[in-house]
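Encoded as structure tokens, the structure appears first; notes follow it.
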Amino acid sequence: MEARSEITIKFSGSLPTAKPAPNKKVEIELTDQNGITFTALLNAKSWRKAETNASEFADWAGAISGKLGQRTDNGFEVVEAGVQIFEKKKKEEKSLVSTAADETAAS
């Protein structure tokens, strides 16, 4: 049997602080609701794109995903990490879109 441990850490409100790291990477740390700190190395280019997206979206949420790495003194490493920023849509807009789709389907 093979098993893989992949994790996704979600965040919103503000971007974590990124520290420069070797090989065109940045290091970020996120602490979850249980006080566990996750440390991830991300490509600097991906991080800059995430910063741009977060500044362009009025309301957003982010996610860092990767493989669960070695335990550290205060948490875990996230290996082969990637970052994504998603725009949060207002619920009113979703109901208007679904109503328009329902009307189109009915005709």
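None of the figures in this text is laboratory data; all of them are computed from the coordinates on show. Keep in mind that what you see is a predicted model, and the values were worked out from it rather than measured. With ideal geometry, Cβ positions are generated from the backbone for all residues, glycine too; neighbour counts draw on all protein chains shown.
Before moving on, here are some points about what is shown:
- For the chain, built as a Gaussian network whose Cα springs stay under 10 Å, the top-fluctuating residue of GLY35, GLY82, GLY66: GLY35
- For the set LYS49/LYS88; LYS10/LYS67; LYS24/LYS89; LYS19/LYS90, the pairs lying more than 21 angstrom apart at their alpha carbons are LYS24/LYS89; LYS19/LYS90.
- Radius of gyration and Dmax over the Cα atoms of the stretch 1-76, both given in Å: 13.4, 45
- The helix-only estimate of mean residue ellipticity at 222 nm for the chain, built from DSSP H runs of length n ≥ 4 each weighted as -39500 (n - 2.57), is -9000 deg cm²/dmol after division by the residue total.
- The GluC sites (Glu not before Pro) of the stretch 1-74 that meet both conditions, a loop assignment by DSSP and at most 10 other Cβ atoms within 10 Å of the site Cβ, are GLU2.
- Residues in the stretch 7-27 that a label on ALA58 would reach, taking backbone N under 20 Å of a point 7 Å out along Cα→Cβ: 12-15
- Leading residue at positive end of dipole, the stretch 6-106 (Cβ point charges), from GLY62, ILE9, PRO20: PRO20
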